[in-house]
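The values are calculated or read from the model by the stated rules, or taken from the named source; none is laboratory data. None of these values were measured; they are calculated from a predicted model. Glycine also receives a Cβ, built like all others from the backbone with ideal geometry; neighbour counts cover every protein chain displayed. Ligands, DNA and RNA are excluded from the accessible area calculation, which covers all protein heavy atoms including side chains. Shrake-Rupley method; radii C 1.70, N 1.55, O 1.52, S 1.80 Å.
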Amino acid sequence: MTLYTVVDSPLGELLLVGEESPGTPGQAALASLSMPGQRGAPRIEPGWQRAPAAFGAAVHQLRAYFAGELTTFQLEFAARGSAFQQRVWQALDTIPYGRTTTYGALAERLGVEREEVRAVGAAIGANPLLLVRPCHRVIGADGSMRGYAAGIARKEALLTHEGALQPQLELDLGL
């Protein structure tokens, strides 16, 4: 059975979708975490069961993350993908909080040929667990913010929150 809940966050409402955890009865293994307006985000389907209590650990950890009290998520995932995608997603989990890496560096770490870096980018783009599986920590070789399914502004906000980017000062000089 597919379970879901919606959680408020500084980035807007987060949709958490999961399946009943095989290892922890009454809890959900997280299959997807998405944000409003996200490209390819799931939509609540008929037959899904709203189950806020099943996502208690995820909600607690998300709140702690946004409060600056948590840097690593310890959640059970149920995300599905190809073997290659799973390998890339596991590599994302190793990027430390407050740090970034490039698509090329991640591909090199995975032993992927330079001409296949786009495949790594596609696997990152298919990550269904935004935020908790930190695809936002992957940037362009020139330091630019490359695609993020929930939008570049949210990617920048997450990296700023983690201290990997300096906050941008917005001045209204009335000119």
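Results, tabulated for the structure shown:
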quantity: Mean ellipticity per residue at 222 nm, deg cm²/dmol - from DSSP H runs of n ≥ 4 across the chain, formula -39500 (n - 2.57); calculated: -7500 deg cm²/dmol
quantity: Over the range 13-65 - Rg/Rh using Cα atoms and the Kirkwood inverse-distance radius; calculated: 0.96
quantity: Accessible surface, the range 33-175, averaged per residue in Å² (probe 1.4 Å); calculated: 58 Å²
quantity: Sorted peptide list for 73-80, 93-100, 46-53, criterion being average Cβ within 10 angstrom, highest first; calculated: 73-80, 93-100, 46-53
quantity: For the range 11-100: rounded, prolate or oblate by the Cα gyration tensor [a/c cutoff 1.5]; calculated: rounded
quantity: Choice from 60, 136, 161 showing the highest fluctuation, given a GNM over the chain with Cα pairs closer than 10 Å; calculated: 60
quantity: Over the range 1-131, relative contact order from alpha-carbon pairs under 8 Å, at least 6 apart, %; calculated: 24 percent
quantity: Sulfur and carbon atoms: percent of accessible area, the range 40-175 [1.4 Å]; calculated: 50 percent
quantity: Net lengthening on full extension, residue 126/residue 84 (0.36 nm per residue, minus Cα-Cα); calculated: 14.0 nm
quantity: Prolate/oblate/rounded call for the chain, Cα gyration tensor, a/c under 1.5 rounded; calculated: oblate
quantity: Cα shape, the range 73-167, gyration tensor, a/c 1.5 rule; calculated: oblate
quantity: Rounded to 5, the percent of DSSP beta bridges in the chain classed as antiparallel; calculated: 65 percent
